[in-house]
Amino acid sequence: MLAPGEWARILDRLVEARLLSVTVGGGEPFTRPDIASILSEVASRPLRFSVNTNATLIGRREAALLASFRPRLDSVTVSLDGPDAETHDRVRGSGAFDAALGGVECLLAEGIRPGFRCTVSTLNAGCLAEVVDLALEMGDWIILNPFLESGPCLPAGLSLDPRAFRESCEAALELAERRKGRVTGTLVEMAADARAFGSGRNRGAGDRRKGHSCGGCANIVTVLPDGGVAPCDHLVSLRLGSLPGSSLSAIMESDAARAFRARVEAPLAENPECAECFFFDACSGGCPAIPWNLPGPLGPDPLSCLKRYFEASRPEESARR
Amino acid sequence: MGLGFPGNVVFREEPEGGIVFNVDTGEMRFVEGVARGICRLIDRRRKRNEILSELEARYPEIGSVRLAEDLDDFLSALRASSMLEDS
């Protein structure tokens, strides 16, 4: 674990690279006893920043600390994986729900209205509406993203099967339409893409050269607790370099970074499974995190694949194509 | 005393254009062409007339009157957004 002084040097590297905003996340950032020093280092530089937290360790002191960083503090995003202790704690451990709500109360007392993020999995897919209701009662917005089976130490059996995934996407889009602009996330986007395809709006607009729609190593980069740099927090085993020993610009131009970009930007049409796909022209490419560790050319992201989506629960739709 | 970006404002060049970003408000202004050229010259040393002289040398095809108008409009817009200060 790097000391605040080392983080200060890393932050200098980020400023030197003209980075505009950072997100302080984890794990859980408030497990660090020196988090106040680190956040102060961030706030003392020309950076806008956000904090991702499970809120269980946020008390009055932590909330006041965060409030002291306004206006540079952009947002606080709290993980909310269920509308009640039973569901949320199944994902995050016993007592996590009550502790998180306590943390949110402290934030609200300081005038910080948080946003929320729900990772939708087999454990909570059945109660999205209730999660959204609770989140929007306490905060400004909620992001609904599917559980992504990519990364270290992930428990098995949390990924939604194709049918449950499609149902969750449709439910998420319905919730988003009712709560204009306050419910977002990849589940909403996927259902919207599918609906657009169904109505013919995004057919034939594709680009045969396109690859995965990944901002990793282009618009975003993840700095790990030891200073290692990865393309994003779903691909932490892919080390592109290390801060502060190298500049961020040098890391972004390294062979490892170039190789990453080349692979994710390789045309999907190079993948035989995609090249002949009926849905190719409407495909967004999606996130490379899941297919990244599979052998061969980088395949489609199952969570963005329209073919998989349409075949999920209504095979007759696909059979007609 | 020259013109400069305040400490809470970052100018970042991009492959096509640039971004002027206020980290306190989140306001972002995209610049290209002459505006990008002006941003490059805002360095706390150059004054308005010095910037204009450099623009005239770099963009002779545009003409001094038009460049002066563009410069003043752009500097006014930056000032109105608290993205420019005399240093």
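In percent, what relative contact order does chain A have, based on Cα pairs under 8 Å that are 6 or more apart in sequence? Please report the intermediate quantities before stating the final value.
Numbers: 526 pairs, mean separation 41.8, N = 321.
RCO, chain A: 13 percent.
Where both partners of a DSSP beta bridge lie in the protein assembly as shown, what percent of those bridges are antiparallel, to the nearest 5?
Values: 16 of 36 bridges.
Roughly 45 percent of the DSSP beta bridges within the protein assembly as shown come out antiparallel.
Determine which residues of the stretch A:160-185 fall in the zone a paramagnetic label at A:ASN219 would reach in this model, i.e. backbone nitrogen under 14 Å from the point 7 Å along Cα→Cβ.
Those under the cut-off are A:185.
Which residue fluctuates the most in chain B, going by a Gaussian network model with Cα springs under 10 Å, if the choices are B:ASP70, B:ASP24, B:ASP43?
Of the options given, B:ASP24 has the highest mean-square fluctuation.
DSSP loop chymotrypsin sites (Phe, Trp or Tyr not before Pro) in the stretch A:44-145 with at most 13 other Cβ atoms within 10 Å of their Cβ, which ones? Intermediate values should be presented prior to the final figure.
Details: sites: A:PHE49, A:PHE69, A:PHE97, A:PHE116, A:TRP141; in loops: A:PHE69, A:TRP141.
Counting only loop positions with at most 13 other Cβ atoms within 10 Å, none of the chymotrypsin sites (Phe, Trp or Tyr not before Pro) in the stretch A:44-145 qualifies.
Which one, A:ARG117, A:ARG166, A:ARG178, has the greatest fluctuation when you compute a Gaussian network model over chain A with C-alpha springs under 10 angstrom?
Evaluated over chain A, the most mobile residue of the options is A:ARG178.
Calculate the tail of P(r) for the stretch B:3-82: the fraction of all Cα-Cα distances greater than 14 Å, expressed in %.
Roughly 61 percent, once rounded to a whole number.
Calculate one ³J(HN,Hα) per residue across the stretch A:14-29 by plugging θ = phi - 60° into the Karplus curve 6.51 cos²θ - 1.76 cosθ + 1.60, and present them in order as whole Hz with x for glycine and proline.
Each residue's phi maps through the Karplus curve to give 5, 5, 4, 7, 6, 5, 9, 8, 10, 10, 8, x, x, x, 10, x Hz.
What are the extents of the Cα atoms of the protein assembly as shown along their three principal axes, listed from largest to smallest and rounded to whole Å?
Ordered largest first, the protein assembly as shown gives principal extents of 69, 54, 43 Å.
What is the dipole size for chain A, taken about its Cα centre, with +1 at each Lys and Arg Cβ and -1 at each Asp and Glu Cβ, in debye to the nearest 20? Let's see the in-between values first.
Numbers: 35 positive and 41 negative charges, 174 e Å.
With only Lys, Arg, Asp and Glu charged at Cβ, the dipole is about 840 debye.
Which residue fluctuates most in the GNM of chain A (Cα springs below 10 Å): A:SER284, A:SER121, A:SER68?
Answer for the Gaussian network model of chain A: A:SER68.
What relative contact order, as a whole-number percentage, does the stretch B:3-82 give when Cα pairs under 8 Å and 6 or more residues apart are counted?
Numbers: 76 pairs, mean separation 18.9, N = 80.
Reported relative contact order: 24 percent.
For the stretch A:177-187, in order, what is each residue's ³J(HN,Hα) by Karplus, 6.51 cos²θ - 1.76 cosθ + 1.60 with θ = phi - 60°, in whole Hz (x at glycine and Pro)?
Once θ is set to phi - 60°, the couplings for the stretch A:177-187 become 5, 6, 10, 3, x, 9, 10, 9, x, 6, 5 Hz.
Where in the stretch A:87-110 is the amide nitrogen less than 14 Å from a point lying 7 Å along the Cα-to-Cβ axis of A:ARG60?
A:103, A:105-110
Just so you know, all these numbers are worked out from the coordinates, no wet-lab data involved. This is a predicted model, so every value here is computed, not measured. Don't worry about glycine lacking a Cβ; one is built from the backbone with ideal geometry, like all the others, and counts go over all protein chains shown.
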